[in-house]
Every structure is written in C-alpha cells, then in structure tokens.
Amino acid sequence: MSDPLGFINQPGPGARPVQGLQGLQGRPIQGGEGDDFKKSLLEQIEQVNRLQQDAEQAKIGVATGEASLEQVITATETADTAFRMLLAVRNKLVDAYDEVKNIRV
C-alpha cells in the first residue's frame, strides 16, 4: 500500500508517536513483540481452562454438599462467558488471517 500524502513514512514537524495505549491487563502496547502476544494469549487460554475446572469442581461440590447451587451457577456462567470471549477472539484472528491470505502481492 502506498502513502500518497506522506503521513506514514514522514511525520511532520511536532508529530509524536502515540503513547499511553494500554493492552490487556494494563500493559503498554508495543509493536514487533510477537512473543508477548503469544504469551498473553496462552495466559488467557490457561485462565479460561482454570475457570472451567473451577465450574466442574463446583458441580462436584453440590453433589457432596460443599457448595451451593448459586455458586455452581455463578462459576458455570463465568466459565461460559470467558470461553465465548476466547472463541470470539479466535474467530477474529482466523478472519484476519484469511483476509491477509487473500491479499494479492
């Protein structure tokens, strides 16, 4: 893609890079750090897995009398919401990959 006005490659006088953007969990967004994205994504997957395991433990807790039905419902809904969000992120990544794959060079 070309830059007909020269704004991208040649910032004008007084132009500064955008600062203060925050990513997941309040960490600054920095370009060119693929390992941080991978690490962050893996952490999110692990967190969703923990939430699902907690929901299963809550279900077992109801059967043994250690947990209430409200705790099971809360844990299950939290795990379901987290999984749906992770699935939405995955779908957006796949869509972005497909779009990049179809770019003609």
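Worth a mention:
- Ratio Rg/Rh [Cα only; Rh per Kirkwood] for segment 32-101: 1.17
- Under 5 Å between amide hydrogens, built in the peptide plane, is the criterion, and for ALA67 it picks out VAL62 among residues at least 5 positions away or on other chains.
- J(HN,Hα) series, segment 64-80, from Karplus relation 6.51 cos²θ - 1.76 cosθ + 1.60, nearest Hz, glycine and proline x: 8, x, 8, 10, 8, 5, 5, 5, 5, 4, 4, 5, 5, 5, 5, 5, 5
Rule-based calculations on the coordinates, nothing more; no lab input. Remember, it's a predicted structure, so these values are computed and weren't measured experimentally.
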